[in-house]
Amino acid sequence: MKLRHTVVLFASLCLGVGAAQAQFQKPDDAVKYRQSALFLMGQHFSRVGAMAAGRVPFDAAVAQENMAVVMTVSQLPWAGFTPDTQDVRSRAKPNIWTERAKFDEARQNALNSIAAMNNTVKAGDLDAIRRAFNETAASCKACHDNFRN
């Protein structure tokens with residue numbers, strides 16, 4: 001329950017600063033913002049992955065709580081991929097800006113995969129969660145392979 005309150009608070013804060021997301025003070029701020037959101041998303045995604053891989057015992061409620069965080073946070077990093085950040089030192093490849101349509105398609109594929117995985121986690125079938133996790137991880141990896149150093 002505590003995690004749920006944290007997610008609600010975090011989402012409320014994000015909505016409150018939604019207008020500011022598009023207006024970062026410096027390009028470095030946009031990079032830090034997107035990196036932080038992606039890091040947080042990865043942390044919670046990997047917790048579900050640990051259950052899917054059998055490294056930790058499966059707990060449906062914990063998996064659902066972590067996927068709720070992933071669902072919320074997955075909407076955030078994209079605002080930080082602004083054109084003025086292409087010269088800022090980061091792991092982003094330059095083709096993010098030259099192949100924007102391809103990047104946006106990869107982003108949408110990842111978001112669709114995350115949403116499908118969230119529905120699978122809600123159903124609670126561990127075998128189905130394993131398959132959904134692998135598919136979602138592959139979607140994330142495809143974006144990383146193409147757009148991240």
Item checked: Computed E for A137/W97 - FRET, C-beta separation, R0 22 angstrom, nearest 0.05 -> 0.30
Item checked: Amide H contacts under 5 Å for A92, placed H, 5+ residues apart -> N149
Checklist line | Hits among lysines - C-alpha to C-alpha of K122 under 26 Å, sequence gap 8 or more where chains match | finding: K2, K141
Checklist line | Top of V121, V88, V69 by mean-square fluctuation, Gaussian network on the chain, Cα under 10 Å | finding: V88
Notebook entry, point to check: By how many nm would the segment from F39 to V56 grow when fully extended, if each residue of separation counts as 0.36 nm and the alpha-carbon distance is taken off?
Noted result: 4.1 nm
Next item on the list: Among H144, H44, rank each residue by its count of other Cβ atoms within 10 Å, from fewest to most, as a rough exposure measure.
Entry: H144, H44
Next item on the list: Using a Gaussian network model of the chain whose springs link C-alpha atoms within less than 10 Å, name the residue from I114, I96, I129 with the highest mean-square fluctuation.
Entry: I96
Checklist line | Within a Gaussian network of the chain (alpha carbon springs, distance under 10 Å), most fluctuating of A132, A123, A52 | finding: A123
Notebook entry, point to check: Mean shadow of the chain, computed from the convex hull of its alpha carbons, in nm²?
Noted result: 8.9 nm²
Check: For the residue pair D125 and D104, what label-to-label distance in nm results when each label sits 7 Å from Cα along the Cα-to-beta-carbon direction?
Finding: 3.5 nm
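Since every read-out is calculated from the coordinates, none of them should be taken as a lab result. This structure is a prediction, so every number in the text was calculated from the model and none was measured. Reconstructed Cβ throughout: ideal geometry from the backbone, glycine too, with neighbour counts over all protein chains shown.
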